[in-house]
Every structure is written in structure tokens, then in C-alpha cells.
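The values are calculated or read from the model by the stated rules, or taken from the named source; none is laboratory data. Since this is a predicted model, take the numbers as computed values, not measurements. Cβ placement follows ideal geometry from the backbone for every residue including glycine, while neighbour counts extend to all protein chains displayed.
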Amino acid sequence: MRTSTLTARRVAAMIAAGSTALLLVNSASARKPFTADELAAMESKLTASAKRGYDMWYGARADMANNGLSCANCHPDAAATNPQTFPKFMPMFDRVAAYREMVNWCIENPQGGKALGADSADMIALEAYSFVLHRGVPIAAGLQTRQTSGPTPKNARGLNVPGTGIGFDKK
């Protein structure tokens with residue numbers, strides 16, 4: 001009995017020493033904060049994705065609708081999308097759903113189009129556009145009828161960039 005107690009204590013001491021050593025190694029090898037150049041490159045990629053989402057939002061992909069509607073017909077500047085409130089319970093699914101599921105529901109139902117792949121660059125672009133516009137808008141979970149206030153875009157199309165002329169973009 002005494003031997004097993006000593007062995008258990010030795011094992012516990014070894015585990016504790018190993019954990020401490022691992023913690024010190026991980027602390028010493030932790031990545032430093034991003035540089036200004038790295039942050040600028042990341043922001044540039046996010047902005048490019050949001051611009052692509054903007055074009056799609058206003059009708060750049062014909063297969064997203066078969067009736068001439070775009071996301072912007074119901075949600076100009078991503079109004080009333082409230083992506084910051086997802087995941088949330090959606091009555092039409094009778095379960096908690098992610099924002100991208102709601103985007104695909106809108107593409108397939110009101111627009112009569114073909115759903116996007118959940119992890120596709122196009123879906124991420126649509127999410128980037130609407131999430132960028134809703135940055136800083138408070139999260140308010142609850143009934144979908146309880147809407148949060150919408151974003152205050154810098155111009156008529158939400159992003160402070162010139163329109164591309166693709167789709168229904170008349171800016």
C-alpha cells in the first residue's frame with residue numbers, strides 16, 4: 001500500500017513538472033501580435049471578400065435567382081438581416097439555424113435560385129458583406145420579430161467603394 005502511494009505521488013509530481021515545462025515552452029514560443037503590415041493584408045482580404053459579397057448581394061450571380069430578385073430587393077445594405085444575432089431559432093426550420101442557412105433559404109425560396117455551398121467563397125463573401133455592415137451592432141437574441149437596429153452605411157450601398165456595374169448595381 002505504501003509503495004503504491006509513493007508511486008502515485010511520483011507520477012503526480014512528474015505530471016505536474018511536465019505540465020509546467022510544457023506551459024513554459026508554449027509561453028516562450030507563443031506568436032507575437034500581428035504587425036501593421038500583416039493587419040493591413042488581412043483587412044485588405046476581408047474588404048475584397050466583402051466587395052465580392054456586395055456584388056453578389058446586388059445580383060452579380062444569375063444562378064442565385066430565376067425571377068430577377070437579388071438579396072438587395074428585400075435587404076438593401078443588408079438591412080434586417082441581423083447576422084450578429086445568429087445562430088438563433090428560426091420557425092421555418094423549427095430549429096436553431098446558422099446565418100448561412102438563412103441566406104440559402106432566401107436564395108432558394110424568394111429568389112428561386114440555387115443554394116450556395118456552405119463553405120464556398122461566394123457564401124463567405126455574402127457573409128463578409130453583411131457582417132462587415134453590422135460590426136458594432138449589439139447582439140440581441142430572441143424572436144426574429146425583435147429586430148436590432150440596422151447598420152449606418154457610409155453610402156447608399158453600405159461599402160465606401162464605387163459600384164462595379166455588375167447585376168442590378170446602378171451606383
Of the residues in segment 102-113, those that are more than 18 Å from TYR58 (Cβ to Cβ) and surrounded by fewer than 18 Cβ atoms within 10 Å (Cβ to Cβ) come to TRP105, GLU108, ASN109
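Okay, residues lined up against (1) assigned to a helix (DSSP H, G or I); (2) in contact with a Pro (Cβ under 9 Å, 6 or more places away or on another chain):
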position: ALA41; (1), (2): yes, no
position: ALA50; (1), (2): yes, no
position: ALA60; (1), (2): no, no
position: ASP63; (1), (2): yes, no
position: PHE93; (1), (2): no, no
position: LEU116; (1), (2): no, no
position: LEU126; (1), (2): yes, no
position: PHE131; (1), (2): yes, yes
position: VAL137; (1), (2): no, yes
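Residues checked against (1) surrounded by fewer than 20 Cβ atoms within 10 Å (Cβ to Cβ); (2) touching a strand residue (DSSP E or B) at 6+ places or on another chain (Cβ under 7 Å); (3) at pLDDT 85 or above:
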position: SER70; (1), (2), (3): no, no, yes
position: PRO91; (1), (2), (3): yes, no, yes
position: TYR129; (1), (2), (3): no, no, yes
position: ALA140; (1), (2), (3): yes, no, no
position: PRO153; (1), (2), (3): yes, no, no
position: VAL161; (1), (2), (3): yes, no, no
position: GLY165; (1), (2), (3): yes, no, no
position: ASP169; (1), (2), (3): yes, no, no
| So PRO87, is it under 23 Å from GLY136 (Cβ atoms), surrounded by fewer than 17 Cβ atoms within 10 Å (Cβ to Cβ) and not aliphatic (A, V, I, L, M) | yes
